[in-house]
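Novice: After the structure tokens below, expect a handful of questions from me.
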Amino acid sequence: MEKVTTTHEHDHYDHEGSKLGMWLFIFTELLLFGGLFITYAVYKYLNPEAFHMAAEELNVGVGAINTVILLISSATIAMSITALQQNNIRLTKVMLEITMMLAITFLINKYFEWGAKISHGIYPGSDHLMEMSRGEILFYGLYFFMTGLHALHIIVGVAFIAVVYSKILKRKVNAERYVLLENSGLYWHLVDIVWIFLFPLFYLIT
Amino acid sequence: MENEKHHIVPIKTYVYILIGLIALTFISIGVTHIELGEFTTAGALILASLKSWLVLSYFMHLKFDNVILRIFVALIVLVFAAVVAITFMDYMYR
């Protein structure tokens, strides 16, 4: 009579442990983007004029709209956790649907923003870009790489949220076991935080 | 905090935080449009840090979760700040 055995199918559920693991992964992501931010800062320090001229070309309006989109999507995924904790599956689903829709809207805006730059002949390795100064080549190189890597994280985030969404439909993620939803939320907020710094650095500070 | 029941953040809290975040976004757009020279970058970075702090504390539940996570995040921020400081010391005084 020393052990009480439960006949659950999945007993390897460790809420705290799962969350800690997700945070450790997020730290590696923060340092990845952090390294890129330092690269940006150093090159801006070495080429202030070129970075000023190139940053003026970016569309503050599109950047601001995308910032608001990501902030709202972060709030809606946070709300979906509250809804699931309260066992309100319908609201959980609606909030996750809004989050995914906003993420896709972000990507569509990004497509048009990049498209406008590319149609002006500005893309990595283009003849037009290669005629510019070293500083401007560096600025656009970092712009495409950092916003591109961020967009890749948006795509991964949507896929992650979609997986969690399907698990909620199957009741595998529920009011008792919701750490997967929390972890997808943590990932999504990470993507939001990266954009919180990308937006002022590339679009606002000229 | 240590009991089995997890903290449930009311949806209203998230609405307030979201309004705050959007307001800070527009403030940072406004601030960077004024010519403040060197302070433009500092101002924009302070506002971005403030926004990140709101996201980390409320959206990412650090305010309500195990303290160890808060300590880890603080350490990561310190490591990053140290790397930034060392890198710039190198470039400014070489």
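Novice: With r as the distance between the Cβ atoms of B:Ile19 and A:Lys172 and R0 = 30 Å, compute the FRET efficiency 1/(1 + (r/R0)^6) and round to 0.05.
Specialist: With a Förster radius of 30 Å, E is 0.30.
Novice: Set the Förster distance to 35 Å, then compute FRET efficiency between B:His33 and A:Phe25 from the Cβ-Cβ distance, nearest 0.05.
Specialist: 0.40
Novice: Between Rg and the Kirkwood Rh of chain A, both from Cα atoms, what is the Rg to Rh ratio?
Specialist: 1.10
Novice: Relative to the present Cα-Cα distance, how much length would full extension add between A:Leu107 and A:Ala159 at 0.36 nm per residue of separation?
Specialist: Details: separation 52, 0.36 × 52 = 18.72 nm, distance 1.34 nm.
Separation in residues times 0.36 nm, less the Cα-Cα distance, equals 17.4 nm.
Novice: Given the -39500 (n - 2.57) contribution per DSSP H run of 4+ residues, what per-residue ellipticity at 222 nm results for the protein assembly as shown, rounded to the nearest 500 deg cm²/dmol?
Specialist: Working: 10 runs with 224 residues, N = 300.
The helix-only estimate for the protein assembly as shown comes to -26000 deg cm²/dmol at 222 nm.
Novice: Something else: For peptide A:31-39, how many partner chain Cβ atoms fall within 10 Å of a residue's Cβ, on average? Show your work: numbers first, answer last.
Specialist: On the way: counts 4, 0, 1, 7, 3, 0, 2, 6, 1.
Other-chain Cβ atoms within 10 Å of each residue's Cβ, averaged: 3.
Novice: Counting partner chain Cβ atoms within 10 Å of every residue's Cβ in B:8-20, what's the average?
Specialist: 4
Novice: By how many nm would the segment from A:Glu131 to A:Thr39 lengthen if fully extended, with 0.36 nm per residue of separation less the alpha-carbon distance?
Specialist: 30.9 nm
Novice: Only loop residues by DSSP count here, and only those with at most 13 other Cβ atoms within 10 Å; note down the GluC sites (Glu not before Pro) in chain B that meet that.
Specialist: B:Glu2, B:Glu4, B:Glu35
Novice: Now for a separate question. Kindly express, to the nearest 10 degrees and within the range 0 to 90, the angle between helix A:15-46's C-alpha long axis and the longest C-alpha principal axis of chain A.
Specialist: Computed tilt is about 10 degrees.
Novice: How far, in nm, would the chain grow between A:Ser18 and A:Asn87 when pulled straight, counting 0.36 nm per residue and subtracting the alpha carbon separation?
Specialist: My answer for the length gained is 22.7 nm.
Novice: Here's a follow-up. Under the definition of partner shielding as Cβ atoms of other protein chains within 10 Å of a residue Cβ, what is the mean value for peptide B:54-65? Mind showing how you got there, number by number?
Specialist: On the way: counts 2, 9, 3, 0, 4, 13, 12, 7, 1, 0, 0, 5.
Taking all residues of B:54-65 together, the mean is 5.
Novice: Say a paramagnetic label sat at a point 7 Å from the Cα of A:Glu57, along Cα to Cβ; which residues of segment A:110-134 have their backbone N under 17 Å from it?
Specialist: Those under the cut-off are A:112-134.
All of the numbers you see were taken from the coordinates with simple rules; none came from a lab. If you're wondering where the values come from, they're calculated on a predicted model, not measured in any experiment. Counting neighbours? That spans all protein chains shown, and the Cβs are built from the backbone with ideal geometry, glycine included.
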